[in-house]
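The values are calculated or read from the model by the stated rules, or taken from the named source; none is laboratory data. Remember, predicted model here, so these are calculated numbers, not experimental data. FYI the Cβ positions are ideal-geometry reconstructions off the backbone, even for glycines, and counts take in every protein chain you see. Only protein heavy atoms, including side chains, enter the accessible area calculation; ligands, DNA and RNA are left aside. Shrake-Rupley method; radii C 1.70, N 1.55, O 1.52, S 1.80 Å.
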Amino acid sequence: QLQLVESGGGLVQPGGSLRLSCTLSGENTDYYGIGWFRQAPGKEREGVSSISNTGGTTDYADSVKGRFTVSRDSAKDMVYLQMNSLKPEDTGVYYCAAAYGQGSIRLPMLWDYWGQGTQVTVSS
């Protein structure tokens, strides 16, 4: 019953910034924690960040700590991923996903709903 749509991807230079959005639709959207994942060509999908249903707790992969910030605007059914100081290794297709409460970004297989993905390319 939950749908997720990512937007905001694009091409950015190393050191630049980009903000991704995840739009939620369906019933009881505030029951779900939201995670961000990414996948580069030839690589496994990896967890990037997550935020709990209340927005009270967040989690980040070590590779993005201090550079990325996840936030939530429940009134608008939106979740954001602010990405700063981008590196070429941040390139990939970024997906948002939903799980009851708050899922673990270390376990992508356990998330229930997924968006279609948005491409992020970091290159000069």
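Suppose each label sits 7 Å from its Cα in the direction of the beta carbon; what would the S7-L107 distance come out to in nanometres?
For S7 paired with L107, the spin-label model returns 3.3 nm.
Using a probe radius of 1.4 Å on heavy atoms only, what accessible surface per residue do you get for the stretch 57-124? Whole Å² is fine.
Counting only protein heavy atoms, the per-residue value for the stretch 57-124 is 51 Å².
For the stretch 18-124, what value does the Rg/Rh ratio take when both radii are computed over Cα atoms and Rh is the Kirkwood radius, given to two decimals?
Taking Rh as the inverse mean 1/r over Cα pairs, Rg/Rh reads 0.94.
Could you give the length gained by full extension between S85 and S63, i.e. 0.36 nm per residue of separation minus their alpha carbon distance, to one decimal place?
Here the answer is 6.7 nm.
Ordered by residue, what ³J(HN,Hα) values in Hz, to whole numbers, does the stretch 46-53 give under the Karplus form 6.51 cos²θ - 1.76 cosθ + 1.60, where θ = phi - 60° and Gly and Pro are x?
Here the 3J(HN,Hα) series is 10, x, 10, 7, 8, 9, 6, 4 Hz.
Using a Gaussian network for the chain with springs between C-alpha atoms less than 10 Å apart, which of these wobbles most: P88, P108, P41?
With Cα springs under 10 Å in the chain, the top fluctuation among P88, P108, P41 is at P41.
log10 I(q)/I(0), Debye, Cα-only the stretch 76-116, no solvent, q = 0.28 Å⁻¹?
Treating every Cα as an identical point scatterer, log10 I(q)/I(0) equals -1.14.
Got a number for carbon plus sulfur as a percent of the stretch 60-100's accessible area, 1.4 Å probe?
49
Pop the C-beta distance of D77 and S124 into the FRET formula with R0 = 25 Å and round what comes out to the nearest 0.05.
FRET efficiency, D77 to S124: 0.10.
With θ taken as phi - 60° and the coefficients 6.51, -1.76 and 1.60, list the Karplus ³J(HN,Hα) couplings across the stretch 80-91 in order, rounded to whole Hz; mark glycine and proline as x.
10, 10, 8, 10, 10, 6, 5, 10, x, 6, 7, 4
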